[in-house]
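**Q** Can you read through this structure? Questions will come right after.
The values are calculated or read from the model by the stated rules, or taken from the named source; none is laboratory data. All values derive from a computational prediction rather than experimental measurement. Counting neighbours? That spans all protein chains shown, and the Cβs are built from the backbone with ideal geometry, glycine included. Accessible surface is based on the protein model in full, side chains and every heavy atom, while ligands, DNA and RNA are left aside. Shrake-Rupley method; radii C 1.70, N 1.55, O 1.52, S 1.80 Å.
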Amino acid sequence: MKRLQLGTISLALLIILTKSSIANALEDGSIKNEESDKEEQNHVPNSISSYGIETVGEMEEDEWEMVQKRGNQFVVNEKPFYINGFNTYWLMVFAVDESTRGKVTEVFQQASSVGMTVCRTWAFNDAQWRALQKSPSVYDEDVFKALDFVVSEAKKYKIRLILSLANNWEAYGGKAQYVKWGKDAGLNVSSDDDFFSHPTLRTYYKNHVKTVLNRVNTLTNMTYKEDPTIFAWELMNEPRCTSDPAGDKLQDWIQEMAFHVKKIDPKHLVEIGVEGFYGPSTPHRTQFNPNSYATQVGTDFIRNHQVLGVDFASAHIYADSWISQQISESHLEFITSWMQSHIEDAEKHLGMPIIFAEFGVSSKDPGYNATYRDNLITSVYKTILNSTKKGGSGGGTLLWQVFPEGTDNMDDGYAIVLSKSPSTSAVVSLQSSRLALFNSMCSSKFQWSCKKKKVIYDPHDEF
C-alpha cells in the first residue's frame, strides 16, 4: 500500500486532521478519561500511516539524519522527535544463528506496525554464551556481524537504536565479568564495584567502547559512530555502586566515560542508563524514591546528569519490583509522581529531555491481569503527553519489553507479544499516533514552528 508523504498533505488538511484527531483525543487541554481511551483504541489504525505520517519505506534518505538535542527536546532535521519505543535486549544473540535471526526481523516488523520508533538493546555480551567480547579486547566476529545485522535491520523498519555498552548485573557478563578478568590478570580486586574505580578495569571498558563505536558494519559499510540508525549510546544498564552510597565513585566513572564516548563520537547522543534514584545531593527529592534503600545504591539522579557529555536523562519505572510485588492501584499513583518529579527536574535543573527507558509490569505478579497492564501503560503514556503538550522535557518512553511469538524461553514476565495482545497493541498504537502528530506539526516543509508564539497553528495551544 502506498503511504502518503507528509509533504503531500496540504496545510489545511493537516490542521483539520490535527484538530479532529488529537483534539478529540485530548480534550480541554487534558487527556481523556479511561472510558474514552478504550473507545478510541477500538478504532485505532494498525499503523500511523493512516494519519498521513511518513512511515516505513517512505522516508527520504536525506531525512534519516542523526537525532539531536535542542534544549529539552529531541529533534531530527530540526523537527521534534517524541518517542514511543521498546526494549528487546537479546537481539544480537538471536541474530548470530540463522535459525533465530528471523525473530529480530519479526520484532522490528511488529513494533513498526504500531508506530514504535526506538529500540533499546545490548551491544555487549561478555564471556557468556555467544559472547561478543570473549576476553578483554578479544571479539567473536560472528557475533559482531550479528550486531551489524541488528543495526542494518532496524533501519529497514525506520527504528533507531539505543545501544547499551555494559551491564551492572551478571546477565551477559556485566561488571562482575570485568572484575573476574581483572582477577585472572592478577589484579588486586575483590568487589564488583571495583569495575568503577580500578584503572585497568576502566581501560578494559574504554577499549570495548572504542571497538564498538569504531566498528564498520559489514552489511552497510558504515561506521557505527557515523550511523544515524543509532539514536544514542548508553554507558551502562542500571549502574549501581553500593560500596559508595555517597556516589563519588560512580560520579567519577560517569565523568570519565561520558568524555571518552564523546571524544570518539561527538555526533551521537549519550545517556548514562541509571534507574533515576535521587541521592545525597538532593535530600529534598528523596521523598520521591520508591523506598529508603534507593538512596543507598550510589546513584544520584540530578548530580549524575549534570556531567559534561551527558545529553539526556534516563529513568526506569518498576513499582512491582521497588515497592511491592502485589498489584496495587497505589503503584499507579507512585508512577505518576515518579515521572512528574523527574520531568520537572529535567526541565528546571538539567535543561534536557528525559526518556523513561524501561517500564512495565510482570505477569508473574500476584493479582496481575492484562487490563491492569493496559492501565499502567496508559498512565505512563498520559504523563508523557501532559509534558509533550506543554513542550516539556518528557521525551518519551520505552516499554520493557516487546517480543515476537516463539520466544517464551526469554520472557522474564514482562514480555509483550503484540500479535497476541490486541488491547495492549491498541494502547501502544494510539500513543504512537498522538506523538507522530506532535512530531509532524513542526514540519519545516510548512515553514512554521512550535517554538514561535505567533504561528498559523501552535499545537501546544490545542492539547
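**Q** Given (1) in a loop (DSSP other than H, G, I, E, B); (2) touching a helix residue (DSSP H, G or I) at 6+ places or on another chain (Cβ under 7 Å); (3) open to solvent by 20 Å² or more (accessible area, probe 1.4 Å); (4) under 25 Å from residue 119 (Cβ atoms), where does residue 240 come up short, assuming only one miss?
**A** (2)
**Q** Could you grab the pairs with beta carbons closer than 7 Å, sequence gap of 6+ or different chains, first residue in segment 138-167 and under 22 Å from residue 238 (Cα atoms), second one of a type in the set (Ser, Thr, Tyr) and modelled with pLDDT of 95 or more?
**A** From segment 138-167, the pairs are 160/117; 160/229; 161/121; 161/229; 163/121; 166/205.
**Q** What pairs come out if I take residues in segment 63-92 that are farther than 21 Å from residue 305 by Cβ and free of Cβ contacts under 8 Å to residues at least 24 places away in the same chain and pair them with residues that are open to solvent by less than 20 Å² (accessible area, probe 1.4 Å) and assigned to a loop (DSSP other than H, G, I, E, B) whose C-beta lies under 9 Å away, six or more apart or interchain?
**A** Going by the 9 Å Cβ cut-off, the qualifying pairs are 76/64; 76/67; 76/228.
**Q** Same structure, new question: Tally the residues that are β-branched (Val, Ile, Thr) and within 21 Å of residue 323 (Cα to Cα), restricting the search to segment 283-310.
**A** Residues that pass the stated criteria total 4.
**Q** Got a number for residues in segment 218-237 being assigned to a loop (DSSP other than H, G, I, E, B) and over 18 Å from residue 125 (Cα atoms)?
**A** 8
**Q** If we scan segment 212-228, do we find a residue that is touching a residue at least 12 places away in the same chain (Cβ under 8 Å) and on the phi > 0 side of the Ramachandran plot?
**A** Within segment 212-228, none of the residues are touching a residue at least 12 places away in the same chain (Cβ under 8 Å) and on the phi > 0 side of the Ramachandran plot.
Condition check ((1) basic (Lys, Arg); (2) in a loop (DSSP other than H, G, I, E, B); (3) modelled with pLDDT of 95 or more) across all residues:
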residue: 368; (1), (2), (3): no, yes, yes
residue: 378; (1), (2), (3): no, no, yes
residue: 425; (1), (2), (3): no, no, yes
residue: 428; (1), (2), (3): no, no, yes
residue: 448; (1), (2), (3): no, yes, no
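**Q** Is there any pair with a first residue in segment 106-124 that is within 20 Å of residue 147 (Cβ to Cβ) and a second that is modelled with pLDDT under 95 and among the hydrophobic types (A, V, I, L, M, F, W, C) whose Cβ atoms are under 6 Å apart and which are 6 or more apart or on different chains, and what are they?
**A** Hits for this filter: 112/56.
**Q** Pull out all pairs, ordered by first then second residue, where Cβ-Cβ is under 6 Å, the residues are six or more apart or on different chains, the first lies in segment 266-281 and is surrounded by 23 or more Cβ atoms within 10 Å (Cβ to Cβ), and the second is in a strand (DSSP E or B) and among the acidic types (Asp, Glu).
**A** Partner pairs satisfying both residue conditions: 271/234; 273/234.
**Q** Looking only at segment 253-293, count every residue that is of a type outside the set (A, V, I, L, M) and within 22 Å of residue 243 (Cβ to Cβ) and tell me the total.
**A** Looking only at that region, the number is 19.
**Q** Which numbered condition trips up residue 309, out of (1) touching a Phe, Trp or Tyr at 6+ places or on another chain (Cβ under 8 Å); (2) at negative phi?
**A** Unmet for residue 309, out of (1) touching a Phe, Trp or Tyr at 6+ places or on another chain (Cβ under 8 Å); (2) at negative phi: (2).
**Q** Here's a follow-up. Residue by residue through segment 150-171, note down the ones that are more than 17 Å from the chain's Cα centre (by Cα) and basic (Lys, Arg).
**A** 156
**Q** Could I ask something else about it? Name the single residue, out of those in segment 243-265 being basic (Lys, Arg) and under 30 Å from residue 216 (Cβ atoms), that is least open to solvent (accessible area, probe 1.4 Å).
**A** Among those that are basic (Lys, Arg) and under 30 Å from residue 216 (Cβ atoms), it is 262.
**Q** Of the conditions (1) under 24 Å from the mean Cα position of the chain (by Cα); (2) within 20 Å of residue 166 (Cα to Cα); (3) open to solvent by less than 50 Å² (accessible area, probe 1.4 Å), residue 302 clears all except one; give me its number.
**A** The one condition residue 302 does not meet is (2).
**Q** For segment 264-293, which residues satisfy the criterion of being part of a loop (DSSP other than H, G, I, E, B) and among the hydrophobic types (A, V, I, L, M, F, W, C)?
**A** 272, 274, 277
**Q** May I pose another question? Only residues that are open to solvent by 40 Å² or more (accessible area, probe 1.4 Å), not in a helix (DSSP H, G or I) and not small (Gly, Ala, Ser): list them for segment 305-343, please.
**A** Residues satisfying the conditions are 306, 308, 323, 325, 326.
**Q** Let me ask you something else. Mind counting the residues in segment 344-375 that are open to solvent by 30 Å² or more (accessible area, probe 1.4 Å) and either within 28 Å of residue 326 (Cβ to Cβ) or touching a Phe, Trp or Tyr at 6+ places or on another chain (Cβ under 8 Å) (or both)?
**A** 9
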